[in-house]
Structures are given as structure tokens and as C-alpha cells.
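**Student:** Dropping a structure here in C-alpha cells format, bear with me for questions.
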Amino acid sequence: MHRHPCLSASALALSAALLGAQASAQGVQTPPTPPNPQVIVTAVRPTVAVHPVPQTAVGVTAEQVQATTNVTTVEDELKYLPDVLIRERHIGDTQDPITTRTSGVGASARSLVYEDGVLVSALIGNNNTNASPRWDLVSPDEVARTEVLYGPFSAAFPGNSIGEVVQITTRMPEHFEASATLEGAWQDFGQFSTNRTFPTGRVSGTVGDRIGPLSFWLSAFHLDTESQPLFDVTATTPASPSAAGTPVTGAVPTANRMSQPVALLGVGGLEHQTEDSADLKLAYDFTPSITAVYSLGFFRNFDQAGVQTYLRNAAGAPVYSGSLNIGGYNYVVAPSAFDNDLYHLEEDHLAQSLALKSITGGAFDWELTASDYQYLKDEQRTPSTALPGAFSGGAGTITSLDNSGWDTLDARGWWRPQGADGLNQLSFGLHDDTFRLDSPKYNTADWIGGAPTTTASLARGDTNTAAVWVEDLITLRPVTLTLGGRYEHWTAYDGLNASLSPPLNVHQPDLHADAFSPKAVLAYTPDPDWRFTASIGQAYRFPTVEELYQAVTTGNQVSVPNPNLRPEDALSEELSAQRNWTGTGGAGGLLRLSLFQEDVRNALISQSAPLLPGSSTLFSFVQNVGHTRVQGVELVGQEQDLGVPGLGLSGWITYVNSDIVSDASFPAAVGKQLPQLPHLRAGAVETWRATPKLTLTVAERYSDRSFGTINNVDHFANTFTGFSGFFVADVHVQYKLTRQVTADLGVDNLNDRKYFLFHPFPQRTFVAQLRYTY
């Protein structure tokens, strides 16, 4: 494995400068909590109540989110946090990965999402589809706080923390509590020949209580939602006119992301999803300091996606495929053009976790956590029969992820030899995880409800990572130093790729890798109002099962491009300065400036290259890219008192310059911008608590365009598969009708911006919610 021989010159400069502000949890002073801020910025936040982690963090409480944000699913809790974008293509989308400040939406394995300390990131892959975090196991009604930790600067987290760590914390009741929420949303969508309103409805409820040492919390929600088209069905315009083909009308002339003229034939992926989720948490206090917590979560999703053709023949009947004449040009449209966007998806997922913890705040505390996530049923059915016949059945395929999933086991300890305010606070732990991929694709005689017949293809394999880590927080006020290291042993095994046609049956080699990741954070806090930090951390992100065992079909051949992918090796650095202040009446604000850099060697990125030796034909598949670099500056601010009682402002702006430094497989990519990572992003939230009952919020989100290709040849961004820029404004009004009843009204994308992040994104959406709490 590649290792950095020494710290970079810039890292040495960071350490020598003694610019840090990473104080202990007791030493950090944060501004008083205002009535309505959207973002709380802190230098240190604890993962548990006993030890801080040395990372810049932003967080928001459930009360703040409820008062300022249109929330339907738990992902919405992060909507306005700096550098965070959840690619939620529509309300309830299950393919919704998260961006980081150094990676786009196609790098889901470069971030970690935890719910109550339990991993919900689907690290079986690294993509924006089935490797998206499993957000759905938690209802927004049970969330207490959401927090984002930036960079791989804590040894407590795996190398997938290259970008960020999201921690969602739910609450347990101290007395009897219950709530019920009713919500409706309506999206007005108009684009090309599709003009419709797409509705969403949600009902949810919670109930909990504490009975002596036992407490319980039960939450459930049901979501029924319809999406705008997620796919455009297009055909490239031929170079020369022709009279061949059946004349049809209705196609819309447009261009693809390469600026090539295409005919838009229709749209697909019009999803109708029904989702049900239930979560049970039981906690038992054996002593005042020792607690056991068991959690059981179940998620069910049924998704039916439809298509809409714009084409009509002379008799006015819809047309989906064949040799067609459109405007004097002959197009040969295969049945798969619409078939691929017509599918049924059914998911039943089960998650369990058990934690036993001691939290005394004394000399020693510990925690044991085990979790298991199972894909009980995960099948997507797609036709291969031409439409319109396929609407009623016919041949097709079933792609399954049944029996996939993961298990994790963590043991953590915190030792404070001089007490909670002593010079040393030592944390350490052991970690083990296993990820399983079992993904056969079957042929079936009836794609709607038929049984599997033959196995068309199969991808299967496992990965395991065992780790030991230690981290020491040394306090010599006003200076603190956090030093840590994480040793990981990774294996990939039982890899199998098979295909019926073209024929393939390959047992992939077992892989092993070892890595040690050092971490250091130096801090200087001259007074409670100022703090400075200098951070450096190395992280290894090991290949996922899907990256290792991808199969690519080329005509009558099929192969696995590289089952020996090397781990990503990232070196991250950050300089940060933060100023806090207190205004009149206890209100105040803060301003933080962060400079960051990330160098990744052997970056795992999907790119185009020859698949077969000596071939000049290019195919897209995951490869190790020699060296990528991201440099950026982030400014985050918050002011709680703008001169009007109850009026507050928070916002952020980030500029990033990314570069592909070396790429032996695809030299045309060298010097280009990393895919899906825009240069400039920003957000702002203005909130006015006009009265104790009424809160008004306006929020803005901005991003400039980015590229979808690694060599940046997709110059036309505002089209299907493009990544266009956008400016979106949201509004939210909350009114407390009584102490127990709250009404919320809002609009997302008030300015009705039409933009693409590969897919067409939601247009103006109205949201109304009524919530009762007891």
C-alpha cells in the first residue's frame, strides 16, 4: 500500500504555527443558545457525553429545524447545514446520497452517517443509487439533534470519514409523551410536454414513557408520494435526413450534455412510492451510570415507476419504439429506451442494535455497541418486452439484493487519569465490520409478478475491516493537542461474478490490506472569544464490494475490469479561526473561516478507459486515479441579533478548486475539475420570531454548475444527465395554535428554478403540516 513518507510541508507549517483552538469540552465557550438560530457552530462536539472529538462541527436541534424548515423526512434536517446537499430527487427518495465539501453525490462511501451511534451508511457500494444511506429508519419526529463533523481528523472513525461524519441523535422520554403529525405536499411540475401536480402525504406518530429504570420509545410513519419524471428518454439526431420509418409527432428537439442535438421522446421514472417505517427503542438503567439500549427498526418500500411517451402515430396512438421518422429523420428506437425507466421496486429492511454503556464523567467510562442491518427483501423488476404490451406483463428481469447487509461491533473506552478537567483524556477502541453483497439478476417470464427462471448474472462478495484506535487529548491551557492513530486490517473474500450470456463464471481473488492512519489537531484559545485550529489526518478508504466486483458487458464479452482495486489514500489538512461574540440581551453570534486541502492517491472514480487489451473502445468503470487534489475556503457565520427583536441570520459560503493531478489510465482527465464538485456553494437562513407563537423563515441555497464527466466535456449542464447550477429560495411559517398544536406552512423552491443534478429536480413545492404533541 502507498504511504506518505512524511507530513507535507504545509502540515509542518500548521503544527509549527501553534494555531489551534481545539480545547477540551469543558474549555470551549460557545455563544448562548438563541431562540431561533438555524446553525450552531462549534469547534468540538462529543459523540457521547464523556469525550470530545477533534473536528470542526456544525449542528442543529430538532426545535430549530421544526421552527425554520419544511421537514418531511429525516434528511431534511440537514438541508441548510454548510456544504451538505442530500440528493433527494423527490420527497421520500431512497436513492439520496450526501455530498461533502470535497466530494460530490457519486461518492457515498466518503462519508459516514450514524443514527444514535449505529452506522446507516450502505458501504456495500460507492454510488448515488443503492449505496445511499438508509435514512428511512428514523422519523423526524424522534430526532433530538443533527450534527456534521468535517474531515478525517478523529481516530474514532473509519477512513470513510474522508469527507464528513453525520450524527443523528434521537431522544428517550423522561415521562409519558406522544405526538401525531399530518402533512401534505404538492409539487407543480412543468417541463417539455409534462405538466402535472405531484402530491405527497405523510402521517406519523410517536409514543414513549419512562417507568422506573425502563424507558421506551416507539415511532412510526407512513409516506405516500409521487415524483416528477426522473429520466428523459432521448435519441441522438441522425447526421442526415431520411424518409425511412413510421412518421410520428410529439418529439421535442433539444440537446444532451455534450451539446449534441437529440429528440426528446418522452420521460420515465415517474415514481409512486409508499413507505412504512417503525422504530422501537428500549433503554434500561442497571445503575445510574450503566445503561443498555436496544433498537429495532423496520422499513418497507413499494415503488412503481411509470413512463410517458410524447410520440403519436397518424392515428393518435402512443408510440414507444421501432423505426420512426421524426421531422424528416429516421430514428431506430429500441424497446429498452422506455423499458429501462419502467420498474417496480419492493424493499423490506430490518435493523437492530444493542448498546451497553457506562457514562459517569469520572476516571473511566466505556461503551459496547453491536448492530446488524439486513436486506430481507430487495427486488427491482424491469420489463424487456416492448411497450405498450409490457404494461400488462411479459418477459423481464428481477435484480435482487436479498441477503445483503452489514454487521458492526465497537468497543470504546475513555480514561481520564486526572479527572474530567485533567491534562490527559485518553480514548481508545476496537472495531469490526462486515459488508455482504448478494446481487443476482434473474430472467422471468412475467416481469410484474412472475417467478425467477434462469440466472442472468450474479455479483457476490464480502469485505471485513478490523481496527484498533487510540486518541489522546492533552490540555496545556491555552494550548491543547489531540494525537491519534487508527490501525486497520481489511479483507475482501468470496467474490464471485457470473453471467449467462455472455458466459462468465469467475471466483475473484481474496484481497488483504493493512493501513495506519495518524491524526493530529493543535489548538490555541487565547480567550473565550477566539480560537484557532490546525488539523491534519490521513485516512484509507477501502474499496466496497460493488466497486471490486462490477461487471462490464462489451458486445459478446463480459469481464470484471479490476478485482484488485487499491484503497484510496487521503491526506487532509485544515486551518480554522473562529470568533464568538455576545450581544445585548444575551444574544450573540460567531464567524468561522476554514482553509482546507485534501490529497487523495489511488482515488476510486468511475471513468472511461479501454476495457480489453489493445482496444481503442472506451467503457466507463471504477478505476484507481493516480492523484486528485481539492483546496477550499469555507466561511460560516451566525448573528442572533440584527437590531430587530427575534431576528437572526446564519449562512455559509464555500469556494473549492479541485484538480486531477495524475491519471495514467485516462490522460485527458489530467488538470480537469473533479466530477460533481462545483466551485462555489452557499446558503443562508433568515429567521424572525415575530411573536412567541409565530416564526417566519426565508432560506436560500446556491450552487454553480459542475461536470458529470471526469474529462469535463459535458459543457451543456442544464439538461438530463447534466449538473447545472441553481439558486433556490424556500419559505417557512410556523404558528403555535396552542401549547400542544402547531401548524406549519411552507414552499420549497419558491422561485420555481428548473435545474438538473443528472435528474430533473423538484420544482415549486407547497408543504402544509399539523402536529400535535402531548
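The values are calculated or read from the model by the stated rules, or taken from the named source; none is laboratory data. Since this is a predicted model, take the numbers as computed values, not measurements. A quick note on method: Cβ atoms are made from the backbone with ideal geometry, for glycine too, and the neighbour counts reach across all protein chains shown. These accessible areas exclude ligands, DNA and RNA; they are computed on the full protein's heavy atoms, side chains included. Shrake-Rupley method; radii C 1.70, N 1.55, O 1.52, S 1.80 Å.
**Student:** State log₁₀ I(q)/I(0) for segment 204-262 at q = 0.17, 0.26, 0.28 Å⁻¹ as given by the Debye formula over alpha-carbon point scatterers of equal weight, solvent excluded.
**Tutor:** Values, matching the q order: -0.81, -1.17, -1.23.
**Student:** Residue 595 to residue 489: FRET efficiency via 1/(1 + (r/R0)^6), r the Cβ-Cβ distance, R0 45 Å, to the nearest 0.05?
**Tutor:** 0.85
**Student:** In segment 653-749, carbon and sulfur make up what percent of the accessible area (probe 1.4 Å)?
**Tutor:** 66
**Student:** For segment 65-222, what is Rg from Cα atoms divided by 2.2 N^0.38 Å, rounded to two decimals?
**Tutor:** 1.14
**Student:** Mind checking the full-extension length gain between residue 196 and residue 171? Use 0.36 nm per residue of separation minus the Cα-Cα distance, one decimal, nm.
**Tutor:** Result for the pair: 5.1 nm of gain on full extension.
**Student:** Answer rounded, prolate or oblate for segment 622-774, using the Cα gyration tensor with square roots of eigenvalues a ≥ b ≥ c: rounded when a/c is under 1.5, else prolate when a/b is larger than b/c, else oblate.
**Tutor:** Cα axes put segment 622-774 in the prolate bin.
**Student:** Here is a follow-up. Once each part is reduced to its C-alpha centroid, what is the distance from segment 567-607 to segment 395-470 in angstrom?
**Tutor:** 29
**Student:** Can you tell me the FRET efficiency between residue 284 and residue 259 if r is taken as the Cβ-Cβ distance and R0 is 56 Å, rounded to the nearest 0.05?
**Tutor:** Efficiency computed from Cβ-Cβ geometry: 0.35.
**Student:** Give or take rounding to whole Å, what are the principal axis extents of the alpha carbon atoms in segment 166-225, in descending order?
**Tutor:** The Cα atoms of segment 166-225 stretch 61, 26, 11 Å along their principal axes.
**Student:** If you build the Cα gyration tensor of the chain and take the root of 5 times each eigenvalue, what three semi-axes come out, in whole angstrom, biggest first?
**Tutor:** Value: 42, 31, 27 Å, ordered largest first.
**Student:** Remind me, relative contact order of the chain in percent, using alpha carbon pairs under 8 angstrom and six or more residues apart?
**Tutor:** Rounded, it is 13 percent for the chain.
**Student:** What are the ³J(HN,Hα) values, in whole Hz, obtained from phi via the Karplus relation 6.51 cos²θ - 1.76 cosθ + 1.60 with θ = phi - 60°, for each residue of segment 655-669 in sequence order, with x given for Gly and Pro?
**Tutor:** 10, 10, 10, 10, 8, 8, 7, 8, 7, 5, 6, 9, x, 5, 8
**Student:** Still on this structure: What fraction, in whole percent, of alpha-carbon pairs in segment 130-210 exceed 19 Å separation?
**Tutor:** 63
**Student:** Normalised by the residues of segment 334-450, what does the relative contact order come to in percent, with Cα pairs under 8 Å and at least six apart?
**Tutor:** Relative contact order comes out at 27 percent.
**Student:** Using only the heavy atoms of the protein chains and a 1.4 Å probe, how would 736, 357 rank by accessible area, largest first?
**Tutor:** 736, 357
**Student:** Here's another thing I want to ask about it. Name the lysines eligible as straight-distance cross-link partners of residue 281: C-alpha to C-alpha under 22 Å, and not fewer than 8 places from it in the same chain.
**Tutor:** Reachable lysines: 357.
**Student:** Ordered by packing density, taken as the mean number of other Cβ atoms within 10 Å over each peptide's residues, highest first, how do 221-231, 558-568 rank?
**Tutor:** Ranked by mean Cβ neighbours within 10 Å, highest first: 221-231, 558-568.
**Student:** In addition: Please work out how much length the chain gains when fully extended from residue 421 to residue 448, using 0.36 nm per residue of separation minus the C-alpha to C-alpha distance, in nm with one decimal.
**Tutor:** 3.3 nm
**Student:** If r is the Cβ-Cβ distance from residue 662 to residue 315 and R0 is 60 Å, what FRET efficiency results, to the nearest 0.05?
**Tutor:** 0.55
**Student:** I've got another one for you. Enumerate the lysines that residue 79 could reach by cross-link, defined here as Cα to Cα under 24 Å, with residues fewer than 8 away along the same chain left out.
**Tutor:** List returned: 693, 736, 754.
**Student:** Could you pull out every residue, at least 5 positions away or on a different chain, whose amide H is within less than 5 Å of the one on residue 707? Hs are placed 1.01 Å off N in the peptide plane, and Pro or chain starts have none.
**Tutor:** Excluding prolines and chain starts, which carry no amide H, the hits are 676, 677.
**Student:** Would you mind giving the three semi-axes, in whole Å and largest first, of the ellipsoid equivalent to segment 561-689 according to its Cα gyration tensor?
**Tutor:** In descending order the semi-axes read 45, 14, 11 Å.
**Student:** Rolling a 1.4 angstrom probe over the protein heavy atoms, how many square angstrom per residue are accessible across the chain?
**Tutor:** Accessible area per residue, the chain: 37 Å².
**Student:** Roughly speaking, what % of Cα-Cα pairs in segment 355-423 are separated by over 17 Å, rounded to a whole number?
**Tutor:** Within segment 355-423, distances greater than 17 Å cover 68 percent of Cα pairs.
**Student:** What's the Cα-based Rg to Rh of segment 408-453, Rh via Kirkwood?
**Tutor:** Reported Rg/Rh (Cα atoms, Kirkwood Rh): 1.61.
**Student:** Relative contact order for segment 63-167: what is it in percent, counting Cα pairs under 8 Å that are at least 6 residues apart?
**Tutor:** 25
**Student:** If you build the Cα gyration tensor of segment 478-621 and take the root of 5 times each eigenvalue, what three semi-axes come out, in whole angstrom, biggest first?
**Tutor:** One finds semi-axes of 48, 18, 13 Å for segment 478-621.
**Student:** Check which residues have an amide H placed less than 5 Å from residue 420's amide H, if you skip close sequence neighbours.
**Tutor:** none
**Student:** Between residue 214 and residue 512, what is the label-to-label distance in nm when each label sits 7 Å out along the Cα-to-Cβ direction?
**Tutor:** 4.8
**Student:** Another one. Students sometimes get this wrong: rank 477, 629 by accessible area, probe 1.4 Å, all chains present, largest first.
**Tutor:** 477, 629
**Student:** Rule-of-thumb check for segment 243-291: C-alpha Rg over 2.2 N^0.38 Å?
**Tutor:** Compactness ratio reported: 2.89.
**Student:** What do you reckon, how do 470, 521 stack up by accessible area (1.4 Å probe), largest on top?
**Tutor:** These residues rank, largest area first, as 470, 521.
**Student:** Hey, could you grab the Kirkwood Rh for segment 212-362? Inverse mean 1/r over distinct alpha carbon pairs, Å, one decimal.
**Tutor:** 19.8
**Student:** While we're on this one: Could you give the spread of the C-alpha atoms of segment 463-556 along their three principal axes, from largest to smallest, in whole angstroms?
**Tutor:** Principal extents (largest minus smallest coordinate, Cα): 69, 26, 13 Å.
**Student:** Treat each spin label as a single point 7 Å out from the Cα along the C-beta direction, and report the residue 274 to residue 770 distance in nm.
**Tutor:** 2.3
**Student:** Starting from the Cα of residue 377, draw a straight line to each of the lysines and keep only those under 22 Å, dropping any in the same chain fewer than 8 residues away.
**Tutor:** The qualifying lysines are 441.
**Student:** Once phi is turned into ³J(HN,Hα) by the Karplus curve 6.51 cos²θ - 1.76 cosθ + 1.60 with θ = phi - 60°, what whole-Hz value does each residue of segment 642-647 show in order, with x for glycine and proline?
**Tutor:** With the stated coefficients, segment 642-647 comes to 9, x, 10, x, x, 9 Hz.
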